[in-house]
Amino acid sequence: MSKHEAPNADLAELIRTIPDHPKPGIMFRDISTLMLDGGAFAATIDRLADALANGNEGDPPELIAGIEARGFVFASALAYRLGCGVLMLRKRGKLPGPRVSVEYALEYGTDMLEMHDDACGPGASIVLVDDLIATGGTALAAVELLTSRGAHVEQALFVIDLPDLGGADRLREAGVSTHALIAFDGD
Ligand code: AMP
């Protein structure tokens with residue numbers, strides 16, 4: 001990396017930006033184009049694992065919690081690499097068993113996040129993973145769900161941060177160590 005290059009610029013350049021999706025004014029950061037590149041996908045998982053090791057003193061968590069749907073892709077691969085289980089945080093109405101729910105605001109609209117109420121025990125160490133953090137509403141809802149079952153959210157990892165929307169700072173203010181590989185400023 002040159003002195004002036006942003007961190008993980010090689011990955012950032014593979015992310016496609018679609019203006020005005022899903023509504024006017026939103027710059028949609030389409031990570032599917034990065035996922036199609038095997039080497040870049042592997043590098044993304046390796047760098048998330050490195051970020052975890054740096055923030056976690058080497059002890060892997062018990063579970064990686066992924067947020068539906070793109071978060072599942074990164075959470076699963078990271079969990080495989082670390083030897084952890086995967087906890088699915090799903091959108092409204094998808095889970096078959098007894099569940100806990102939290103409603104939250106998105107950058108565009110509102111939604112609900114749910115998890116099975118027996119998915120993790122009290123004291124479970126969990127790392128939260130999603131593709132992108134914008135306002136932080138989704139990630140904060142995820143932390144609320146996990147901590148409502150007594151879990152400890154050790155760290156939150158994202159491929160992309162939109163720092164101007166303040167979500168990563170909100171998560172840090174809530175006491176969660178937060179790291180993203182790439183920042184897109186000005187969104
Ligand atoms: P937020 O709750 O505002 O932090 O939004 C984060 C969630 O919405 C993530 O699951 C993202 O996948 C999705 N998201 C929000 N804004 C964008 C964006 N500009 N481009 C792509 N995905 C987004």
*Might you tell me the accessible area per residue for the chain, computed with a 1.4 Å probe and given in Å²?*
48
*With all protein chains present and a 1.4 Å probe, how do 87, 36 order by accessible area, largest first?*
36, 87
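Pulled fully out, how much extra length does the chain show between residue 172 and residue 21, if you take 0.36 nm times their separation in residues and subtract their Cα-Cα distance? Intermediate values should be presented prior to the final figure.
Working: separation 151, 0.36 × 151 = 54.36 nm, distance 2.79 nm.
Length difference between fully extended and current span is 51.6 nm.
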*asked:* Ignoring solvent entirely, what values of log10 I(q)/I(0) come out of the Debye formula for the chain at 0.08, 0.10, 0.13, 0.16 Å⁻¹ when each Cα is a single scatterer?
replied: -0.24, -0.37, -0.64, -0.99
*Positive-end residue, the chain charge dipole about Cα centroid, Cβ charges, pick of 150, 25, 88*: 88
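May I ask you to derive the FRET efficiency for residue 76 and residue 13 from their Cβ-Cβ distance with R0 = 22 Å, giving the value to the nearest 0.05? Write down the numbers at each step before the final one.
Details: r = 24 Å, r/R0 = 1.11.
Computed FRET efficiency for residue 76 and residue 13: 0.35.
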_J(HN,Hα) series, segment 148-162, from Karplus relation 6.51 cos²θ - 1.76 cosθ + 1.60, nearest Hz, glycine and proline x_ = 5, 9, x, 6, 10, 7, 5, 6, 10, 10, 9, 6, 10, 10, 9
*Report, in whole Å, the centroid distance computed from the Cα atoms of segment 14-70 and segment 90-148.*
17
*Residue-span extension gain [residue 36 to residue 111] - 0.36 nm each, minus C-alpha spacing*: 24.2 nm
*asked:* Which one, 100, 184, 6, is farthest towards the positive end of the dipole of the chain when Lys and Arg carry +1 and Asp and Glu -1 on their Cβ?
replied: 100
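Place a +1 charge on the Cβ of each Lys and Arg in segment 50-141 and a -1 charge on the Cβ of each Asp and Glu, then give the dipole magnitude about the Cα centre in debye, rounded to the nearest 20. Spell out each step's value before the answer.
Values: 7 positive and 13 negative charges, 66 e Å.
Approximately 320 debye in magnitude.
Once you charge only the Cβ atoms, +1 for Lys and Arg and -1 for Asp and Glu, what is the size of the charge dipole of the chain about its Cα centre, to the nearest 20 debye?
On the way: 15 positive and 28 negative charges, 91 e Å.
That gives the chain a dipole magnitude of about 440 debye.
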*Residue-count net charge about residue 19 - beta-carbon cut-off 12 Å; Lys, Arg +1, Asp, Glu -1*: 0
*Is the shape of segment 89-161 best called rounded, prolate or oblate, per the rule: a/c under 1.5 gives rounded, else a/b larger than b/c gives prolate, else oblate, with a ≥ b ≥ c the square roots of the Cα gyration tensor eigenvalues?*
oblate
_Amide H partners (placed H, <5 Å) of residue 178, local residues excluded_ = 156
*Only Cα pairs under 8 Å and at least 6 apart count here; give the relative contact order of the chain as a rounded whole percent.*
18
*asked:* Please list 3J(HN,Hα) in residue order for segment 122-131, calculated via the Karplus relation 6.51 cos²θ - 1.76 cosθ + 1.60 where θ = phi - 60°; whole Hz, with x for glycine and proline.
replied: x, x, 4, 8, 10, 10, 8, 9, 8, 6
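Got a number for carbon plus sulfur as a percent of the chain's accessible area, 1.4 Å probe? Please list the in-between numbers first.
Numbers: 4500 of 8960 Å².
Summing carbon and sulfur atoms, their accessible area is 50 percent of the total for the chain.
Considering only DSSP beta bridges whose two residues both sit in segment 42-187, what percent are antiparallel, to the nearest 5?
30
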_Calculated from backbone phi, Karplus (6.51, -1.76, 1.60) coupling profile of segment 13-24 in Hz, x at Gly/Pro_ = 6, 8, 8, 8, 9, 10, x, 6, 10, x, 8, x
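The values are calculated or read from the model by the stated rules, or taken from the named source; none is laboratory data. Source: prediction; values computed, not measured. Positions of Cβ are generated from backbone atoms using ideal geometry, with glycine treated the same way; all protein chains shown enter the neighbour counts. Ligands, DNA and RNA are stripped out before the accessible areas are found, and what is left, the full protein with its side chains, is counted by its heavy atoms. Shrake-Rupley method; radii C 1.70, N 1.55, O 1.52, S 1.80 Å.
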